[in-house]
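Q: Below is a structure I'd like to ask you about.
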């Protein structure tokens with residue numbers, strides 16, 4: 001069974017790119033472009049890991065993370081352009097399991113996913 005990743009980002013080009021990149025590694029990638037949509041997918045799809053943007057309108061990543069933590073311990077990686085040490089510390093303190101600054105390579109993203117999940121993606125990707 002494939003590793004199921006949920007990518008939540010208000011930029012559809014980012015979620016599309018994540019779907020393509022992680023698909024190369026044999027992962028099933030669900031996408032949401034709002035925090036509320038992402039929360040609904042966490043509840044209905046039980047992903048193995050959530051990749052979550054911080055800066056989103058309406059419901060930001062901090063709020064989405066807190067909402068997820070109220071009912072799930074699914075690993076969550078903050079995936080954000082906000083990469084200061086203070087932001088990383090805040091993310092870990094608020095319930096994220098890891099922080100990855102945008103942009104980042106597929107290899108680094110897959111390594112971080114491997115660290116946090118029990119199911120393991122193919123790495124390196126199949127030829």
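Q: What single numbered condition from (1) surrounded by 14 or more Cβ atoms within 10 Å (Cβ to Cβ); (2) under 14 Å from the mean Cα position of the chain (by Cα); (3) more than 20 Å from residue 13 (Cα to Cα) fails to hold for residue 115?
A: (1)
Q: Against the conditions (1) surrounded by fewer than 16 Cβ atoms within 10 Å (Cβ to Cβ); (2) closer than 26 Å to residue 2 by Cβ; (3) at pLDDT below 95, where does residue 81 fall short? Just the number, please.
A: Answer for residue 81: the failing condition is (2).
Q: Out of 76, 54, 68, I need the residue that is under 18 Å from residue 115 (Cβ atoms), touching a strand residue (DSSP E or B) at 6+ places or on another chain (Cβ under 7 Å) and touching a residue at least 12 places away in the same chain (Cβ under 8 Å). Which one?
A: 76
Q: Can you run down the residue pairs with Cβ atoms below 7 Å, 6 or more apart or on separate chains, where the first is in segment 25-44 and in contact (Cβ under 8 Å) with a residue 40 or more places away in the chain and the partner is assigned to a helix (DSSP H, G or I)?
A: Once the first residue is in contact (Cβ under 8 Å) with a residue 40 or more places away in the chain and sits in segment 25-44, its partners that are assigned to a helix (DSSP H, G or I) give 25/110.
Q: A further question follows. Does segment 91-106 hold any residues that are surrounded by 12 or more Cβ atoms within 10 Å (Cβ to Cβ) and either touching a residue at least 12 places away in the same chain (Cβ under 8 Å) or out of contact with any strand residue (DSSP E or B) (no Cβ under 9 Å at 6 or more places or on another chain) (or both), and which are they?
A: Scanning segment 91-106 gives 91, 94, 95, 96, 97, 98, 99, 100, 101, 102, 104, 106.
The values are calculated or read from the model by the stated rules, or taken from the named source; none is laboratory data. This one's a predicted model, so the numbers in the text were calculated from it and none came from an experiment. Using ideal geometry, Cβ is built from the backbone for each residue, glycine included, and neighbour counts are taken over all protein chains shown.
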